[in-house]
1. Between 21, 29, which is surrounded by 13 or more Cβ atoms within 10 Å (Cβ to Cβ) and among the small types (Gly, Ala, Ser)?
2. How many residues are more than 14 Å from the chain's Cα centre (by Cα) and free of Cβ contacts under 8 Å to residues at least 12 places away in the same chain if we restrict to region 44-81?
3. Suppose we keep only residues that are surrounded by 15 or more Cβ atoms within 10 Å (Cβ to Cβ) and basic (Lys, Arg) within region 32-56. Which one would you say is nearest to residue 73 (Cα to Cα)?
4. Any residue at all in region 63-86 that's outside any loop (DSSP other than H, G, I, E, B) and modelled with pLDDT under 85?
Amino acid sequence: MKVNVISDKHNPFLKRKEIAAEIEHESEASPRKDALQQWISKELKTDVDKVEIKHIFTETGLPKSRAKVFVWEEKVMKKSEPQKKEEKKEQETKQEKKEEKQE
């Protein structure tokens, strides 16, 4: 996997660096977001948590992809995963028990 940086722009208002990159991946599958995130964090010598891959688009019929990447000055907060049904049921039963005790 070869990565060529097409543009590199600093956005002082949002405190991030915006990178457009072209990725050549001959005889390989399209690059995964986490692999590209690792590569960029190594090259820029930053924390992996500060690198956010917005999207990777593979060009039709070619072993090339384009990616848009944000490198934040502060750590990126990941979206919280939705609670599983079992966890929700457990919380509901705990709340019901508390209410019964109060009565």
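1. Step by step, each of 21, 29 is checked, and only 21 is surrounded by 13 or more Cβ atoms within 10 Å (Cβ to Cβ) and among the small types (Gly, Ala, Ser).
2. Residues in region 44-81 being more than 14 Å from the chain's Cα centre (by Cα) and free of Cβ contacts under 8 Å to residues at least 12 places away in the same chain: 6 in total.
3. Restricting to residues being surrounded by 15 or more Cβ atoms within 10 Å (Cβ to Cβ) and basic (Lys, Arg), the top hit is 50.
4. yes
The values are calculated or read from the model by the stated rules, or taken from the named source; none is laboratory data. Bear in mind the structure is a predicted one, so any value in this text is a computation, not a measurement. Every residue, glycine as well, gets a Cβ built from its backbone with ideal geometry; the counts of neighbours run over all protein chains shown.
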